[in-house]
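Here the structure is laid out as structure tokens; the discussion comes afterwards.
A short reminder: the numbers here are calculations on the coordinates, not readings from a lab. None of these values were measured; they are calculated from a predicted model. Every residue, glycine among them, receives a Cβ derived from its backbone with ideal geometry; neighbour counts consider all protein chains shown.
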Amino acid sequence: MIDDTSITFTNSNPEDFKNDVKIKYESLNKWFKASRFTMNFDKIHVMQFTTKISPQIDLDINYTNKLISKANDTKFLGIYVNSTFSWIIHIEKITHRLSAAISVTIQN
């Protein structure tokens, strides 16, 4: 069983970026098929990290004719990140959990 796998690509040229993703993804597809692993499409997503000066690249990734969904944020190693590397989503999630924990502590 494979869990929590991440793949990172960087390339300043959008066409080269798309080509890099396509080549690596084809390689992964072959490996998954040879290893008889399956992907849980409810848990798979693609997220592009961008900056204010780097444009979002229109990129669709398919696996066995199924489009992999795009995400704007995700939890990675316990840290919530979004596509712009802003801490806002992480702070919101942690604040909510801390508020609940403090409330329970005060009630006891």
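Give me the percent of DSSP beta bridges within region 2-108 that run antiparallel, rounded to the nearest 5.
Once the DSSP bridges in region 2-108 are tallied, antiparallel ones form about 75 percent.
Give me 57, 89, 7 sorted ascending by neighbouring Cβ count inside 10 Å, so fewest comes first. Walk me through the numbers before you get to the answer.
Working: 57 14, 89 17, 7 9.
So the residues, fewest neighbours to most, are 7, 57, 89.
Answer with a single label: of (i) 39; (ii) 44; (iii) 54, which was calculated as percent of Cα pairs over 20 Å apart from the structure in view?
(iii)
Using 31 Å as the Cα-Cα cut-off, could you pick out the over-long pairs in 33/75; 22/75; 43/93; 24/93; 30/93?
Pairs exceeding 31 Å: 24/93; 30/93.
On a full-extension model of 0.36 nm per residue, what is the gain between residue 47 and residue 6, subtracting their alpha-carbon distance, rounded to one decimal in nm?
13.7 nm is the gain from fully extending residue 47 to residue 6.
With springs only between Cα atoms under 10 Å, which of 62, 82, 11 fluctuates most in a Gaussian network model of the chain?
11
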